[in-house]
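Data block below; observations after.
Derivation of every value follows stated rules applied to the coordinates shown; laboratory data play no part. Small disclaimer: the values here were computed from a predicted structure and weren't measured. Quick reminder, even Gly has a Cβ in these numbers, built from the backbone with ideal geometry, and neighbours come from all protein chains shown.
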Amino acid sequence: MTYQGVLTKMETEFSSPIQYYLVFENDFLNMNQLLDKTLIIQFVKYQCLNCGMDKPIYRQGFCKSCFFEIPQAADWIMHPELSTAHLGQEDRDLEYEKAVQLKPHIVYLANSSNVKVGVTRKTQVPTRWIDQGAHEAIEIVEVPNRYLAGITEVALKAHVADKTNWRKMLKNDIDDENLVEWRERLSDYIPAEAKDYFIQNNTETHLDFPVNQYPEKPKSLNIKKDLEYTGKLVGIKGQYLIFEDDTVFNVRANEGLVVNIAID
Ligand SMILES: [Zn+2]
């Protein structure tokens, strides 16, 4: 069987184990069913997720000109503290910014390789945690807009990491942390504007990824350079496909690439 389409991050379903789906225009692949099968992945061309043109992908699945123009790629996406829709101030497109920023947001702790703080829209819990490959996570505050979540994250970053070590995450080189204690400790540092939004009662969420074999020395596949790769799929964690020879493929980092996937 051969499938072709533009890569977008895998859709997921929170179950035990987590279910992963690769969604192409005409096909819907449950990746869990491909575990222990040999896949042949080929790079075909680029297809910007905004304009659809065959132009090199710059970031987040967009070509360079789209990345610097469209509201879906503005700075406040990666830096929520730069959000201004709550003040009625436009960055690139106020209607879009209001629709996204003026929604409930969650500041959370997730443990993928170490405990880190992050921000997500409420509707993206637990999807965001799955995408990061966190084996455990907990919510800290639920605030009414992205700005408040951003300034809370910035304040907490002084006391906890905000980055994941993807190699440790993939190797499953992890510690079980008591996130309830972590959030209690960090609650002192929540900024005054967000203090009232602290979620009083909360428990850890545990995530179970479909991995039969963890890589010892993960090496990242660059399909644009190699053009073709063949390997046996042995696991999926975060947005990574893990292969038997320790090759890992970050689907999210390759958004906007059209690939051909053949299943042996
Ligand atoms: Zn484009």
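Along the charge dipole of the chain, Cβ charges K/R +1 and D/E -1, which of Leu87, Ile223, Asn26 sits furthest on the positive end?
Farthest towards the positive pole: Ile223.
Identify, among His105, Gln72, Leu7, the residue whose Cα sits farthest towards the positive end of the charge dipole of the range 1-142, taking +1 on the Cβ of Lys and Arg and -1 on the Cβ of Asp and Glu, with the dipole about the Cα centre.
Leu7
I want the local charge near Met53. Using Cβ-Cβ distances under 13 Å, sum +1 for each Lys or Arg and -1 for each Asp or Glu among the other residues.
Details: positive: Lys45, Lys55, Lys64; negative: Asp54.
Local charge sum for Met53: +2.
Could you list the residues of the range 74-108 with an amide nitrogen less than 19 Å from a label point located 7 Å from the Cα of Thr127 in the Cα-to-C-beta direction?
74, 76-80, 96-108
Assuming 0.36 nm per residue, please report the length gained on full extension of the stretch Arg252 to Asn32 beyond their Cα-Cα distance. Kindly include the intermediate steps, with their values, before the conclusion.
Numbers: separation 220, 0.36 × 220 = 79.20 nm, distance 1.71 nm.
Net length gain for the segment: 77.5 nm.
What is the spin-label model distance, in nm, from Leu87 to Met53 if the labels are put 7 Å beyond Cα along the C-beta direction?
My value for the distance between the label points is 3.4 nm.
Residues of the range 196-236 with amide nitrogen under 19 Å from the 7 Å Cα-to-Cβ point of Ile263?
Within reach of a label on Ile263, which here means backbone N under 19 Å from a point 7 Å along Cα→Cβ, the range 196-236 contributes 210-213, 229-236.
Starting from 0.36 nm per residue, how many nanometres of slack lie between His79 and Glu244 once their C-alpha separation is accounted for?
Numbers: separation 165, 0.36 × 165 = 59.40 nm, distance 3.61 nm.
Result for the pair: 55.8 nm of gain on full extension.
Starting from the Cα-Cα distance between Lys64 and Glu95, subtract it from 0.36 nm times their residue separation and give me the gain in nm to one decimal. Spell out each step's value before the answer.
Numbers: separation 31, 0.36 × 31 = 11.16 nm, distance 2.30 nm.
Taking Lys64 through Glu95 to full extension adds about 8.9 nm, to one decimal.
Before rounding to the nearest 500, sum -39500 (n - 2.57) across all DSSP H runs of length at least 4 in the chain and divide by the residue total; then give [θ] at 222 nm in deg cm²/dmol. Let's see the in-between values first.
Numbers: 8 runs with 52 residues, N = 264.
Estimated from H runs of four or more residues: -4500 deg cm²/dmol.
Can you tell me the dipole magnitude for the chain around its Cα centre, using point charges on the Cβ only (Lys, Arg +1; Asp, Glu -1), in Debye to the nearest 20?
Details: 29 positive and 39 negative charges, 126 e Å.
Here the size comes out at about 600 debye.
If you place +1 on the Cβ of every Lys and Arg, -1 on the Cβ of every Asp and Glu, and leave all else neutral, what size is the dipole of the range 1-140 about its Cα centre, to the nearest 20 Debye?
Details: 13 positive and 17 negative charges, 43 e Å.
It works out to roughly 200 debye.
Just rank Ser65, Ser112, fewest to most, by other beta-carbon atoms within 10 angstrom. Don't jump to the answer; show the numbers that get you there.
Working: Ser65 14, Ser112 24.
So the ranking, lowest neighbour count to highest, is Ser65, Ser112.
Which shape class, rounded, prolate or oblate, goes with the chain when its Cα gyration tensor gives a ≥ b ≥ c as root eigenvalues, a/c under 1.5 marks rounded, and past that a/b bigger than b/c marks prolate? Spell out each step's value before the answer.
On the way: a/c = 2.31, a/b = 1.33, b/c = 1.73.
Oblate is the answer for the chain, as a/c is 1.5 or above yet b/c matches or exceeds a/b.
Hey, fewest Cβ within 10 Å first, where do Leu82, Leu87, Leu34, Leu156 land in order? Don't skip to the end; give the middle numbers.
On the way: Leu82 14, Leu87 8, Leu34 19, Leu156 23.
Listing Leu82, Leu87, Leu34, Leu156 from fewest to most nearby Cβ atoms yields Leu87, Leu82, Leu34, Leu156.
Counting only pairs 8 or more places apart or on different chains, how many lysine pairs in the range 103-206 have C-alpha atoms closer than 28 Å?
Number of lysine pairs found: 19.
Can you give me the convex hull volume of the Cα atoms of the range 102-194, divided per residue and expressed in Å³?
Values: hull volume 7.3 nm³, N = 93.
With only Cα atoms used, the range 102-194 gives 79 Å³ per residue.
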